[in-house]
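The next block holds one structure in the form of C-alpha cells; read it before the comments.
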Amino acid sequence: MNAATIDSGRVRHLSELRADRRVVLSLYLDLDPSGFATPPARSSAVRSLIDEAGKQIEGAGLGKDEVKALRSSLERAESFLEADLPTEGVHSVAVFAAEPLDLFETLGLPQSLPTRIAIGRSPLVGPLAVAVNEESCGVVLVNREVGRLLRGDGSVLREVADVRNEVHGQHQQGGWSQPRYERTIENEVEEHLRGVAGMVSREFDRQPFRQLFVGGPQELRAGFRSELRADLAERLAGDLGVDVSSASPDDVLAAMQPALEAQRHRREQEVFERLGAPLTASGTSEVLKALNERRVETLLIDEVRSEPGTVCTTCGWVAPAGSGACPADGSPLEQVEDLKEPAVELALQQEARVMPVRVRADELRAAGGIAALLRF
Ligand SMILES: [Zn+2]
C-alpha cells in the first residue's frame, strides 16, 4: 500500500454510503513517524486500536446482527492492518468496513490524522474531508544541476521525482574557446530548466495540484518560470530560499509556512467578509436547515468544538438535539454526540467545500460555532 492523495470524488462516494443499521466500522490509525517509527510501536498501536474497537462493538448496545457484522468487519480490518501496514510516506491509515454494504476500503494517507474508532450507519468521512481541503502543493527545487519535485500540502511533503543535468561541469574543458564554451553551458542550463519544467508538467498531468512553489538560486528562478507551461505558471504561489541539493522535505515545508499562513488568512478573510451578507447562514439551526435543503457551497467548522444533535436513521437529515422525527420521511432521529460529523457528511454529498476555521476561530464561535456560504 502506498500513500494516496485523497480525491474528493472518493470521499464523496464514501459519504453517500448508508446502511439501515449501525454496521459501518470506521477506523483511523495515526502512524505519525515521530511517535510510531519502529515496527513494535506500530504493531502495539494496531493492537490497541483493534482491542478498543472490539470493546466498543460489544458495549454499544447494538442488536445481535449488528454485532455479528461489525465483528467480522473488525476481523478483516485486523488482518489487513497486521499484514499490510504501509510504511513509505503513509502517516495514517483509514479503514471503512461494512459487510452488509459489501464495503471494505482502506486508504493510506500522507497526513497524520488522529486515531479514531466510529460505529455508525455511514462511514466517518469528516477527518478525510478536512484533510482533502488542505491546499495541494507541488514544490520544485531547481539549480543548474538538479531538479527535484515534491508534493503534498501544508502539513506534509514527499519527494516524487528528480532530474539531473548531465552538464560538463562548470570548469573549463580543453579545446574550446571561452565564449563558445560559455554559450554551450548556457544552452545546457536552459535545456536542463526545460527538462525540469517538463517533469513538473508530467507530474501535474498525472495528478494536478493547486499551487506550485519554486525554490533555488534567485538568478535561475525567472528562467525556470519562463519554461513553465501557462496553466502551471498560473499556479505559482511563491519562491522559497532553500538549498536545492540538501533540503529535506521538512526543511521545504518549514520554508513554505509563512506563505501558507498568509494564504489561510486571506482565504478566511474572503469567507468572513461574505458572512452576514445575503446567502449566508450562521449558527446551528440556520446552517442545518441550509444543509438539509442542499444549499451549502462552503461549510465553516470549528474543529475543536462539538455539539450534540440528531440524525435521521433513513435519509441523513441532521437536526439540533432534542428533535423528534425526520420531517422528510417520519423516521426516528438518532442522537449523535457531535453534529459536526453528519453535517460534514451532508456537505460532502452536496459537493460543498468544508473549511476548518483556524485563524478566525473566535469570530466563528461568536457567530454560533458553525456557518455556511450558500449557493442560493
Ligand atoms: Zn429522514
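Readers should treat all values here as calculations from the given coordinates under stated rules, not as data from a laboratory. The shown structure was predicted, so the numbers you read here are calculated from the model rather than taken from an experiment. Cβ placement follows ideal geometry from the backbone for every residue including glycine, while neighbour counts extend to all protein chains displayed.
Count charges around Leu62 for me, please; just the other residues with Cβ under 15 Å from its Cβ, Lys/Arg as +1, Asp/Glu as -1.
+1
Using the Karplus equation 6.51 cos²θ - 1.76 cosθ + 1.60 (θ = phi - 60°), what ³J(HN,Hα) coupling, rounded to whole Hz, does each residue of the range 310-319 give in order, writing x for Gly and Pro?
Once θ is set to phi - 60°, the couplings for the range 310-319 become 9, 9, 5, 6, 9, 10, x, 3, 10, 9 Hz.
Beta carbons within 10 angstrom, averaged per residue: use that to sort the peptides 340-347, 224-231, 69-76, highest first.
Details: 340-347: 25.5, 224-231: 15.5, 69-76: 19.6.
Peptide ranking by packing, descending: 340-347, 69-76, 224-231.
If Lys and Arg each add +1 and Asp and Glu each add -1, what is the summed charge of the other residues whose beta carbon sits under 13 Å from the beta carbon of Arg183?
Working: positive: Arg180; negative: Glu182, Glu186, Glu188, Glu190, Glu191.
Once positives and negatives cancel, what remains is -4.
Hey, how much of the P(r) for the range 275-376 falls beyond 17 Å, as a percent of Cα pairs?
More than 17 Å apart: 46 percent of the Cα pairs in the range 275-376.
Starting from 0.36 nm per residue, how many nanometres of slack lie between Asp239 and Asn187 once their C-alpha separation is accounted for?
Full extension of this stretch gives 16.3 nm more.
In the range 254-330, which trypsin sites (Lys or Arg not before Pro) are in a loop and have at most 13 other Cβ atoms within 10 Å, using DSSP for the loop call?
Details: sites: Arg264, Arg266, Arg267, Arg274, Lys289, Arg294, Arg295, Arg305; in loops: Arg294, Arg295, Arg305.
Within the range 254-330, the qualifying trypsin sites (Lys or Arg not before Pro) (loop, at most 13 other Cβ atoms within 10 Å) are Arg305.
Rg to Rh ratio, the range 137-266, alpha-carbon atoms and Kirkwood radius?
Result for the range 137-266 is an Rg/Rh of 1.02.
Taking the Cβ of each residue in Thr284, Thr310 as the centre, tally the other Cβ atoms inside 10 Å and list the residues starting with the fewest. Kindly include the intermediate steps, with their values, before the conclusion.
Details: Thr284 20, Thr310 23.
Fewest-to-most Cβ neighbours within 10 Å comes out as Thr284, Thr310.
What ranking of Val24, Val139 emerges when the number of other C-beta atoms within 10 Å of each C-beta is taken as an exposure proxy, fewest first? Can you show the working numbers first?
On the way: Val24 26, Val139 29.
In increasing order of surrounding Cβ atoms, one gets Val24, Val139.
How much length would be gained if the chain were fully extended between Ala222 and Arg47, taking 0.36 nm per residue of separation minus their Cα-Cα distance, in nm to one decimal?
Difference between extended and current length: 57.8 nm.
Would you kindly calculate the translational diffusion coefficient of the chain, applying Stokes-Einstein with the Kirkwood radius from alpha carbon pairs, for 37 °C and a viscosity of 0.692 mPa s, and quote it in µm² s⁻¹ without decimals?
The calculation lands on 141 µm²/s.
For the chain, what is the percent of antiparallel DSSP beta bridges, rounded to the nearest 5?
Beta bridges within the chain, antiparallel portion: roughly 80 percent.
Once amide H atoms are placed 1.01 Å from N in the peptide plane, what residues at a sequence separation of 5 or more from Gly215, or on another chain, have their amide H within under 5 Å of its amide H?
Long-range HN contacts for Gly215: Val140, Leu141, Val142, Leu240.
Phe104 to Arg266: FRET efficiency via 1/(1 + (r/R0)^6), r the Cβ-Cβ distance, R0 35 Å, to the nearest 0.05?
Rounded to the nearest 0.05, the efficiency is 0.30.
Would you mind ranking Leu103, Leu212 so that the residue whose beta carbon has the fewest other beta carbons within 10 Å leads the list? It would help to have the intermediate numbers written out before the result.
Numbers: Leu103 17, Leu212 22.
Sorted ascending by nearby Cβ count, the order is Leu103, Leu212.
With each pseudo-label sitting 7 Å past Cα toward Cβ, what's the Val163-Arg358 distance in nm, one decimal?
Reported label-point gap for Val163 and Arg358 is 3.3 nm.
On a 0 to 90° scale, report how tilted helix 178-206 is relative to the longest principal axis of the chain, with both axes built from alpha carbons and the result rounded to the nearest 10.
10 degrees
How large is ³J(HN,Hα), in whole Hz, for each residue of the range 120-130 in order, when computed from phi with the Karplus curve 6.51 cos²θ - 1.76 cosθ + 1.60 and θ = phi - 60°, using x for Gly and Pro?
Along the range 120-130, the couplings run x, 7, 9, x, 7, 9, x, x, 5, 4, 5 Hz.
For Thr310, what residues show an amide H to amide H distance below 5 Å, using hydrogens built from the backbone and excluding near sequence neighbours?
Ala319, Ala321, Val336
In whole percent, what relative contact order does the range 275-376 give with Cα contacts below 8 Å and a gap of six or more residues?
Relative contact order, the range 275-376: 45 percent.
Which ³J(HN,Hα) values in Hz, rounded to whole numbers, follow from the phi angles of the range 324-339 under the Karplus curve 6.51 cos²θ - 1.76 cosθ + 1.60, where θ = phi - 60° and Gly and Pro get x?
x, 10, 5, x, 7, 9, x, 5, x, 9, 10, 5, 10, 5, 9, 6
Of the options Val252, Val156, Leu25, report the single residue whose Cα projects farthest towards the positive end of the charge dipole of the chain (beta-carbon charges: Lys, Arg +1; Asp, Glu -1).
The residue sitting farthest along the positive end of the dipole is Leu25.
Treating the beta-carbon of each Lys and Arg as +1 and of each Asp and Glu as -1, no other charges, what is the dipole magnitude of the range 1-133 about its Cα centre, to the nearest 20 debye?
So the dipole magnitude of the range 1-133 works out to roughly 340 debye.
Say the dipole of the chain comes from +1 at the beta carbon of Lys and Arg and -1 at that of Asp and Glu; which of Leu70, Asn187, Leu109 then lies farthest toward its positive end?
Checked the options; the winner is Leu70.
Calculate how steeply helix 218-227 sits against the longest principal axis of the alpha-carbon atoms of the chain, using the helix alpha-carbon long axis, and give the answer as 0 to 90 degrees to the nearest 10.
The two axes meet at around 70 degrees.
Between Glu303 and Phe376, with labels modelled 7 Å along Cα→Cβ, what's the label distance in nm to one decimal, could you check?
3.4 nm
Taking the Cα centre of the chain as the origin, how large is its charge dipole in debye, to the nearest 20, when only Lys and Arg (+1) and Asp and Glu (-1) carry charge on their Cβ atoms?
The dipole of the chain has a size of about 520 debye.
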